[in-house]
Amino acid sequence: MTRRTGVVVVGGGQAGLAAGYHLRRQGLDFTILDAGPAPGGAWQHMWDSLHLFSPADHSSLPGRLMPVQPGETYPDAAHVVDYLADYEKRYDLPVQHGTRVDAVRRDGDRLLVDADSGSWRAGAVISATGTWSRPFLPAVPGRGVFTGRQLHTVDYRRPADFSGQRVVVVGGGNSGAQIAADLALDGNAEVTWVTPRPPRFLADDIDGRALFGVATARRRALDAGRTDTGGVASLGDIVAVPPVRAARDAGPLTAQPMFSRLTATGVRWDDGRQAGVDTVIWCTGFRPALAHLAPLELRGPGGRIATEGTRSLGEPRLHLLGYGDWTGPASATLIGVGRPARDAARQIAALLR
Ligand code: FAD
């Protein structure tokens with residue numbers, strides 16, 4: 001069965017919900033299709049000890065402040081899930097959970113959205129599928145011969161799952177530092193943290209609030225045609241959240257250079273050093289989940305879809321929200337997605353009227 005609607009939003013995480021809030025304000029008819037069985041997007045799958053890097057009042061979607069979590073300056077992931085579930089309900093957003101979109105294609109003056117439970121013909125589509133479902137693993141020699149376990153950030157839950165094991169955590173970003181710190185502070189696994197270049201910690205007093213300030217200043221500079229300051233990336237890679245700080249200051253969080261290959265039983269460095277390993281945890285990032293957009297043939301070099309703001313240059317009825325800086329500064333954060341969501345909804349309203 002094919003249904004008609006003004007706008008289909010693909011993905012019901014924070015980006016999809018922010019889009020819904022602004023589409024409603026524009027008076028548009030829309031449907032949000034979300035593959036997940038329950039509200040919360042990727043926050044439902046984060047590891048137990050993960051806390052936001054900003055306080056609640058700097059982690060809010062448009063219209064409703066995130067409530068403070070009692071006893072926590074930086075809310076945990078479960079608190080974010082509760083907030084998103086409440087947000088969805090409070091604004092009565094039409095989210096169909098458990099509905100996976102397989103393809104978006106052109107169909108005359110409309111876009112046809114094919115999902116596992118049916119099809120929708122829409123005047124515009126906002127894609128907000130995030131990156132969590134596309135973990136990235138680098139092509140390191142020997143990955144196929146290693147007989148131990150290889151996991152990714154998406155598989156990690158808690159240190160107890162690794163008690164007594166020799167674990168190598170790969171990655172010099174926030175996930176790598178936090179997971180290595182989680183295991184090191186627990187003390188029941190033998191942890192080696194490896195990073196392709198020496199880790200770059202942000203100053204201890206910089207949290208998500210300061211980072212958002214830097215991202216905003218960068219956007220203003222770019223809007224005004226001034227030189228790009230490099231934004232957040234110019235400051236460092238790792239926010240020194242309390243557990244990372246504790247592990248770093250106590251000593252166990254020291255990084256080793258990246259090994260050159262995996263062997264059947266461990267890892268080997270260029271200088272001939274070897275270590276036996278039970279589990280490698282690849283904290284090596286994500287790629288945007290864009291497979292459903294393949295029929296539109298929009299992907300350019302590096303797999304990205306060229307956009308102006310959120311709008312696809314090759315298909316003006318399509319907007320992308322929340323994947324990273326290329327769809328708007330800080331658009332892949334809770335506080336940052338509101339502005340690009342508002343801009344996308346305004347442009348779609350203008351297009352459909
Ligand atoms: P997601 O939350 O991934 O939501 C996408 C939704 O789309 C999911 O529900 C998924 O099921 C659905 N979907 C995917 N494919 C399809 C499809 N084909 N059809 C239908 N539905 C589909 N940001 C902050 O602001 N503060 C932080 O402290 C912070 N910490 C982070 C820590 C980690 C470890 C990570 C990975 C990210 C962090 N972020 C943080 C960044 C960001 O806020 C999150 O990644 C957030 O989940 C992105 O929201 P999203 O809506 O874009 O994507």
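The values are calculated or read from the model by the stated rules, or taken from the named source; none is laboratory data. None of the values given here were measured: they were computed from a predicted structure. All Cβ positions, even for glycine, are placed from backbone atoms using ideal geometry, and neighbour counts span all protein chains on display. With ligands, DNA and RNA removed, areas are computed over all heavy atoms of the protein, side chains included. Shrake-Rupley method; radii C 1.70, N 1.55, O 1.52, S 1.80 Å.
Describe numerically, in nm with one decimal, the distance between label points set 7 Å from Cα along Cα→Cβ at ARG197 and at ARG157.
Placing both labels 7 Å along Cα→Cβ, they lie 3.6 nm apart.
Using 1/(1 + (r/R0)^6) with R0 = 35 angstrom and r between the beta carbons of LEU313 and SER117, what's the FRET efficiency to the nearest 0.05?
Numbers: r = 31 Å, r/R0 = 0.88.
Approximately 0.70, to the nearest 0.05.
Ignoring ligands, DNA and RNA, what accessible area per residue does the chain give at 1.4 Å, in Å²? Write out the running numbers ahead of the final one.
On the way: 15700 Å² over 353 residues.
Using a 1.4 Å probe on heavy atoms only, each residue of the chain averages 44 Å².
Given the C-alpha atoms of the range 42-128, compute the convex hull and give its volume per residue in Å³. Each step should come with its number before you reach the end.
Numbers: hull volume 11.0 nm³, N = 87.
For the range 42-128, the hull spanned by Cα atoms encloses 126 Å³ per residue.
Nearest 20 debye, what's the magnitude of the dipole of the range 162-217 about its Cα centre given +1 on Lys and Arg Cβ and -1 on Asp and Glu Cβ?
It works out to roughly 260 debye.
Normalised by the residues of the range 286-352, what does the relative contact order come to in percent, with Cα pairs under 8 Å and at least six apart? Don't jump to the answer; show the numbers that get you there.
Details: 70 pairs, mean separation 13.1, N = 67.
Over the range 286-352, the number comes to 20 percent.
Sequence gap at least 6, Cα distance under 8 Å: using those rules, report the relative contact order of the range 14-135 to the nearest whole percent.
Numbers: 162 pairs, mean separation 34.7, N = 122.
Relative CO of the range 14-135 lands at 28 percent.
Just to verify a number: FRET efficiency for ARG105 and ASP76, C-beta to C-beta distance, R0 = 35 Å, to 0.05? Could you put the intermediate results ahead of the total?
Details: r = 40 Å, r/R0 = 1.14.
With R0 = 35 Å, the Cβ-Cβ based efficiency is 0.30.
How long are the semi-axes of the ellipsoid equivalent to the range 274-320, from square roots of 5 times the Cα gyration tensor eigenvalues, in whole Å, largest first?
Three semi-axes, in Å: 35, 10, 9.
Sequence gap at least 6, Cα distance under 8 Å: using those rules, report the relative contact order of the range 224-347 to the nearest whole percent. Could the numbers behind the result be given before it?
Values: 98 pairs, mean separation 11.4, N = 124.
Once normalised by length, the contact order is 9 percent.
About the Cα centre, and with charges only on the beta carbon of Lys, Arg (+1) and Asp, Glu (-1), how big is the dipole of the range 194-306? Nearest 20 debye, please. It would help to have the intermediate numbers written out before the result.
Numbers: 15 positive and 11 negative charges, 56 e Å.
Around 260 debye, computed over the range 194-306.
Can you list residues from other chains, or at least 5 along the same chain, whose modelled amide H is less than 5 Å from the amide H of VAL277?
GLY266, VAL267
Towards the positive end of the charge dipole of the range 1-109, with charges on Cβ (+1 Lys, Arg; -1 Asp, Glu), say which of PHE30, THR73, LEU84 has the farthest Cα.
Ranked along the dipole, the leading option is PHE30.
Going by the alpha-carbon gyration tensor, a ≥ b ≥ c the square roots of its eigenvalues, is the range 1-153 rounded (a/c under 1.5) or, if a/c is not under 1.5, prolate (a/b greater than b/c) versus oblate? Display every interim value, and only then the final one.
On the way: a/c = 2.61, a/b = 1.17, b/c = 2.24.
The shape class here is oblate.
Compute, for MET258, the solvent-accessible surface of its heavy atoms (probe 1.4 Å) with the complete set of protein chains present, and express it in square angstrom to the nearest 10.
The value for MET258 is about 50 Å².
Which FRET efficiency value, to the nearest 0.05, is calculated for ASP249 and ALA217 with the Förster distance at 51 angstrom and r the Cβ-Cβ distance? Spell out each step's value before the answer.
Values: r = 30 Å, r/R0 = 0.59.
Once rounded, the FRET efficiency stands at 0.95.
Once phi is turned into θ = phi - 60°, what whole-Hz ³J(HN,Hα) does the Karplus curve with 6.51, -1.76 and 1.60 give for every residue of the range 292-297, x standing for Gly and Pro?
These are the phi-based 3J(HN,Hα) values: 5, 8, 3, x, 7, 6 Hz.
Please give the Cα centre distance for the range 308-353 versus the range 93-113, rounded to the nearest Å.
Spelled out, the Cα-based centre of one part sits 17 Å from the other.
Out of residues 5 or more away from GLY130 or on other chains, whose amide H comes under 5 Å of its own, with H placed 1.01 Å from N in the peptide plane?
ALA289
Between VAL9 and residues 5 or more places away or on another chain, which pairs have amide H atoms under 5 Å apart, with H built 1.01 Å from N, and which residues are they?
Amide H to amide H, under 5 Å and 5 or more residues apart or across chains, VAL9 pairs with THR31, ILE32, LEU33, ILE126.
Which percent of the accessible heavy-atom area of the chain goes to carbon and sulfur, probe 1.4 angstrom?
On the way: 7840 of 15700 Å².
Looking at the chain in its full context, I get 50 percent from C and S.
If the chain between ASP204 and VAL68 were fully stretched, how many nm would it gain, using 0.36 nm times the residue separation less the Cα-Cα distance?
Numbers: separation 136, 0.36 × 136 = 48.96 nm, distance 2.21 nm.
Full-extension gain reported as 46.7 nm.
Compute, for the chain, the length of the dipole vector about the Cα centre, with Cβ point charges of +1 (Lys, Arg) and -1 (Asp, Glu) only. Units Debye, rounded to 20. Mind dumping the intermediate values first?
Numbers: 39 positive and 35 negative charges, 221 e Å.
The calculation lands at about 1060 debye.
Consider just the alpha-carbon atoms of the range 77-191 and return their Rg together with their Dmax, both in angstrom.
20.4, 60
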